[in-house]
Amino acid sequence: MTLQNKHILIGITGGIAAYKICTLIRDFKKSGAEVKVICTPNSLNFVTKLTLQNLSQNEVYIQEFDVKNWKPEHISLADWADIMLIAPATANTISKIAQGIADNLLTSVACAFSKKIIIAPAMNVNMWNNPSVQANLKTLHKRGIEYLPPENGFLACGYVAKGRLCSLEKIYNAVEEALNYSDSLKGKKVVITSGGTIEEIDPVRYISNYSSGKMGLALAKSAYDMGAEVVLISTKDFDCPFKLVKVKSALDMQKAVVEEYNSTDYIIMAAAVADYRIKNFSKQKIKKGLEETITLEFVKNPDILAELSNKKSENEIKPIIVGFCAESENLIENAREKIARKGCDYLVANDISRKDIGFGSDENEVTILNKNGEIKKLEKASKNVIAREILEWISTK
Ligand code: PMT
């Protein structure tokens, strides 16, 4: 991945974390990027124009009507940039952008910006928890603006709580990742499943598994960033700029996936689907009796992945069907057996016996297998990076 010759537009708003952005500008410049900075007037209480000008080696933009050529500044800056990063982003600026308010140069550029925007909020914990701020962030996220949540720690206002700017490394990586997406999925439809299915026992109890839905969400986000139309079929709720179909059980998931089958180019099954469900769902809460043990009877769930793969005939190219395989031992051996048995085009194997990857974690390490016996190992990385590498491999092979 590279930032060489990329145009990064940084918007700095009025928060104490503004001083940290000086280091970030230097890091971007060192990597060969061109950087321009827009400051809100309030941000200049925390950093000086001269510092930012020196570090970015460019003029610093503040006033909306400081027009130097025929094109208004907010349009020429928006046209110039490959990406816009707003860091730190205050509650005020987040809320204004969410409502389409364009009352200074930064918010006007954000309003006119049609490429990727990443925001890194930083504020007092009570401001962060304010329902209006949360609702506005949700709105932005739904529209495709990525935000990097603040972290817990010492806040300038004296609190030790959530609100401090996330690490500069996280911001740098997010910008680098966003600028290095290929558009190999442009015009394609990608259906992804995520989360653990919920098999109800009675109105208050169920069986499920530890899947958090993070891997599926990372795949969905990456596919979206690579230009695809995305449908995420998930047992978990997420705010996302693409279609989300919320499901509960394996049977619900099967119905939702089958509905998409004919119109999609890719189906990626990252969900952990229960192999069995309760045979007799009890409509009433099962009462505690005198028995020391009770027995629940299960019936087999459909194997959605195998059924979809069987449905696709030999000479059909579409949809490309990708399964995931969660193994706690003999990863490759079991994965080879599974891809042969289920008949999917690709199988992504991950070791779920490890605590640092797989279920619930933010990172993963996987091996992709295809039908011809080819294997590609992806070294441990964030689920976002793994997701992009999987999609790049299956969309260019
Ligand atoms: O959600 P996270 O916390 O981020 O964790 C990610 C993950 C570990 C859940 C994910 O990376 C993963 O491995 N998902 C597959 C889990 C699983 O169910 O593996 P399996 O080996 O039991 O099933 C193999 C494949 O068949 C899977 O694609 C599964 O979706 C599918 N399957 C399984 C059973 C069934 N009845 N129907 C299916 O379609």
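Laboratory data are not the source of any read-out in this text; all were calculated from the coordinates shown. Predicted, not measured: the structure shown is a model, and the values here were computed from it. Cβ sites come from the backbone with ideal geometry, for glycine too, and all protein chains shown count toward neighbours.
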Highest mean packing first, using Cβ neighbours within 10 angstrom, the peptides 106-114, 307-315 sort as 106-114, 307-315
Per residue, the convex hull enclosing the Cα atoms of the stretch 144-278 spans a volume in Å³ of 136 Å³
The relative contact order of the stretch 7-179, taking Cα pairs under 8 Å that sit 6 or more residues apart, comes to a percentage of 22 percent
Across the alpha-carbon set of the chain, Rg over Rh with Rh taken as the Kirkwood radius works out to 1.04
Counting only DSSP loop positions in the stretch 1-109, the chymotrypsin sites (Phe, Trp or Tyr not before Pro) whose Cβ has at most 14 other Cβ atoms within 10 Å are Phe65, Trp70
When the chain is treated as a Gaussian network with springs between alpha carbons less than 10 Å apart, the largest mean-square fluctuation among Ser56, Ser249, Ser263 is found at Ser263
Of Glu292, Glu151, Glu316, the most mobile residue in a GNM of the chain (C-alpha springs, cutoff 10 Å) is Glu292
At 20 °C and 1.002 mPa s, the Stokes-Einstein diffusion coefficient in µm²/s for the stretch 189-396, with hydrodynamic radius from the Kirkwood sum on alpha carbon pairs, is 121 µm²/s
Reduced to Cα centres, the span from the stretch 165-189 to the stretch 1-26 in Å works out to 15 Å
Counting only DSSP loop positions in the stretch 110-146, the trypsin sites (Lys or Arg not before Pro) whose Cβ has at most 15 other Cβ atoms within 10 Å are Lys115, Arg143
Most fluctuating of Met215, Met127, Met84 in the GNM of the chain (C-alpha, under 10 Å) is Met127
Nearest 10, in degrees from 0 to 90: the angle of helix 250-261 to the longest Cα principal axis of the chain is 70 degrees
If one compares the long axis through the Cα atoms of helix 21-30 with the longest principal axis of the Cα atoms of the chain, the angle in degrees, nearest 10, works out at 80 degrees
Too long for a 22 Å Cα-Cα cut-off, among Lys214/Lys300; Lys248/Lys300; Lys312/Lys371, are Lys214/Lys300
In degrees rounded to 10, the 0-90 angle between helix 168-179 Cα long axis and the longest Cα principal axis of the chain is 80 degrees
Ranking Thr139, Thr13, Ala112 by how far each Cα lies towards the positive end of the charge dipole of the stretch 7-179 (+1 on Lys and Arg Cβ, -1 on Asp and Glu Cβ), the top one is Thr139
